[in-house]
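Since the structure comes first, as structure tokens, the remarks are kept for the end.
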Amino acid sequence: IVEPETEDRGPRQEQDERPFLERLLSARAASPALRYGTPRYNALPCSSARVFSVLHDHGSERLVGLLNVGAHKQSLVISVPVDQLGLAEGDYELFELFGRACWVEDARCSWSRDQLLALRLTLEPFAAYCFAVRPATVAATRSGADETARAAELSALPAISEPTELEE
């Protein structure tokens, strides 16, 4: 069934895409790499043929765009060209421009330069992503170790028992 267009709104599909299009345009406005960088299509080796990739860089900004064109969630491995992008030794985070948040994969939010060479990601069906590859914040680099330490601390705590009634 095709929904008819009216003066007030276009087809339903376009209405459903409006928030994404607003985020896309906002990301483009805020990113010199998206505005001035030269796109390099499928420049990242990827383990899934159903994922389209694009690499943008301009100045110090490095962006990896991914589009899952498949109808199913995809777990895949990409190889970020760390040498081509001039990434120094250290830890990096992926800041997803459309969602405006740091990416978390398997409880991780930062990866070493070498780990970017075989980066495992999970993408939703028919979803687009634009990752800014940037040096990790101190909080991101410590988070993995902190989570492990917190889990160890919590397991060492005594179990919480049910509250008992106060005696008078």
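At-a-glance table
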{"item": "Enumerated strands (runs of 3 or more DSSP E) restricted to segment 55-128, each holding at least 3 residues that are under 26 Å from SER26 (Cα atoms) and within 15 Å of the chain's Cα centre (by Cα)", "result": "61-68, 91-96, 119-123"}
{"item": "Yes/no for ASN42 being at positive phi, of a type outside the set (Val, Ile, Thr) and touching a strand residue (DSSP E or B) at 6+ places or on another chain (Cβ under 6 Å)", "result": "yes"}
{"item": "Restricting segment 89-105 to residues that are modelled with pLDDT of 95 or more and open to solvent by 50 Å² or more (accessible area, probe 1.4 Å), the residue that is farthest from LEU34 (Cα to Cα)", "result": "GLU89"}
{"item": "All positions within segment 31-54 that are over 16 Å from TYR129 (Cβ atoms) and assigned to a helix (DSSP H, G or I)", "result": "PRO32, ARG35, TYR36"}
{"item": "Selection count, segment 22-34, where residues are touching a helix residue (DSSP H, G or I) at 6+ places or on another chain (Cβ under 9 Å), without any contact (Cβ under 8 Å) to a residue 60 or more places away in the chain and open to solvent by less than 80 Å² (accessible area, probe 1.4 Å)", "result": "1"}
{"item": "Candidate set from segment 22-68 (those that are of a type in the set (Ser, Thr, Tyr) and out of contact with any Phe, Trp or Tyr (no Cβ under 9 Å at 6 or more places or on another chain)); member that is nearest to ARG100 (Cα to Cα)", "result": "SER31"}
{"item": "All positions within segment 107-141 that are of a type in the set (Val, Ile, Thr) and at pLDDT below 95", "result": "THR137, VAL138, THR141"}
{"item": "Selection status of ARG100, without any contact (Cβ under 8 Å) to a residue 60 or more places away in the chain and of a type in the set (Lys, Arg)", "result": "no"}
{"item": "Every pair of residues 6+ apart whose Cβ atoms lie under 6 Å, when the first sits in segment 106-119 and is among the aromatic types (Phe, Trp, Tyr) while the second is open to solvent by less than 70 Å² (accessible area, probe 1.4 Å) and part of a strand (DSSP E or B)", "result": "TRP111/TYR92"}
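The values are calculated or read from the model by the stated rules, or taken from the named source; none is laboratory data. Note that the structure is a prediction, hence the values are computed from the model and not measured. Using ideal geometry, Cβ is built from the backbone for each residue, glycine included, and neighbour counts are taken over all protein chains shown. The area values use the complete protein model at the heavy-atom level, side chains included, leaving out ligands, DNA and RNA. Shrake-Rupley method; radii C 1.70, N 1.55, O 1.52, S 1.80 Å.
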